Amino acid sequence: MHNRRIVGGFTLIEMLITVAIIGILAAIAYPSYSSYVMRGRRGQAEATMVQMAQEQERWFTMNNSYNASQSATTVTTSNGATAYTISTVAASSTFTITASNSTTYQNDNCGTLTLDNLGTKTAASGSVADCWR
């Protein structure tokens, strides 16, 4: 009788097919993941802008003018890089809060976001409905 030893393992073709499938999935998943991360950072910037607008309105209630010296702030990524720089330009009866995206987020379709004292929201490029959620 022959003693056959069964050898387990993968063939080269099976390995190549597996690597190809992983490559295709990665090519599809990574851009989608990147856009979700970018949208999340934009959401953080929008929330910060709304908070700054509320601070301006509270200041106006107490002082009958907007705070021209409101501090600028940033929205950062998990590794500490700046995603957005948010600043305020205020006069006695108006203010505009601007969120400028950094070079890390140049591919963001919305560009610079603004919010004013009337609650008007704008985006430098892209529709307001898509950029402000």
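Values quoted throughout were computed directly from the atomic coordinates according to the rules given, and no laboratory measurement underlies them. Treat the numbers as computed from the prediction; the structure is a model and nothing was measured. Glycine also receives a Cβ, built like all others from the backbone with ideal geometry; neighbour counts cover every protein chain displayed.
Pairs linking a residue in region 109-133 that is loosely packed, with under 15 Cβ neighbours inside 10 Å to a residue that is of a type in the set (D, E, K, R), with Cβ atoms under 6 Å and 6 or more positions apart or on different chains, are Val128/Lys121.
The listed residues are Ser93, Ser32, Ser65, and the only one of them that is farther than 26 Å from Trp132 by Cβ and of a type in the set (Gly, Ala, Ser) turns out to be Ser65. Touching a Gly at 6+ places or on another chain (Cβ under 9 Å), under 24 Å from Thr96 (Cα atoms) and surrounded by 13 or more Cβ atoms within 10 Å (Cβ to Cβ) - does that describe any residue in region 15-38? No; the residues of region 15-38 include none that is touching a Gly at 6+ places or on another chain (Cβ under 9 Å), under 24 Å from Thr96 (Cα atoms) and surrounded by 13 or more Cβ atoms within 10 Å (Cβ to Cβ).
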